[in-house]
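Notes to accompany the following structure.
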Amino acid sequence: MMRRMGNIEKESRARRRKTNLKKILLETLFVGGVVSVALLAPNAIGVMKQYGFIPSPRQKTSLTIARDRLLRKGFIERKEGMLRITARGERELRMLDSGSYRLKKPRHWDGRWRILIFDIPERRKSLRDKLRLTLLSVGFVRLQDSVWLYPYDCEDFVVLLKSDFKIGKDMLYLIVDALEGDQRYRKLFGFS
């Protein structure tokens, strides 16, 4: 299907707006814990203002539509007039905000490399791309498309990734004592 010029930017803005609304609603429920249905819109509008959005009556309608979509997809749930983010919603929020993953760097490097190898099928390409962006955002270096390098212990991070991205058996965590041609990576991480 060929898209007409002029519509691509418009479609891109609409997708970005949907993603932003999803993130705003999920963040509101994540921070607020349990929020009444009546309070969700005012709280989300407050978050929108923090992001630089100026809420309008039309955006309030958009929030309602986004809320209903999140309910259908199981990212949030309604119980006794209250809304709450689900575990699935928390995972989605972390994927939307890959910058929320953090790794602590110890003072000294132990001289061993941590390598992540993953094999995610083509049918899950978008997940594979999100994983690559997440690894890049926390400081991993790409050795090959599905082989990534990090110098410090990151086992807890890998366990979290496997859980959040549901890729347990598709990812291997290796600790290696020697890496061919690692002078380049030592320099990149500031060890030489």
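The values are calculated or read from the model by the stated rules, or taken from the named source; none is laboratory data. Just so it is clear, the structure is predicted and the values come from calculations on it, not from any experiment. Heads up, the Cβs are rebuilt from the backbone with ideal geometry, glycines too, and the neighbour counts pull from every protein chain shown.
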Residue within segment 135-156 that is among the hydroxyl-bearing types (Ser, Thr, Tyr), at pLDDT 85 or above and either in the same structural domain as Glu90 (by TED's automatic domain parsing) or touching a helix residue (DSSP H, G or I) at 6+ places or on another chain (Cβ under 6 Å) (or both) present: no
Residue selected from segment 52-102 under the condition polar (S, T, N, Q) and under 18 Å from Leu160 (Cα atoms), by the criterion modelled with the lowest pLDDT: Ser98
Residue within segment 147-170 that is within 21 Å of Asp182 (Cα to Cα), without any contact (Cβ under 8 Å) to a residue 24 or more places away in the chain and out of contact with any strand residue (DSSP E or B) (no Cβ under 8 Å at 6 or more places or on another chain) present: no
Qualifying residue in segment 116-129 (condition: among the small types (Gly, Ala, Ser) and more than 27 Å from Ile65 (Cα to Cα)): no
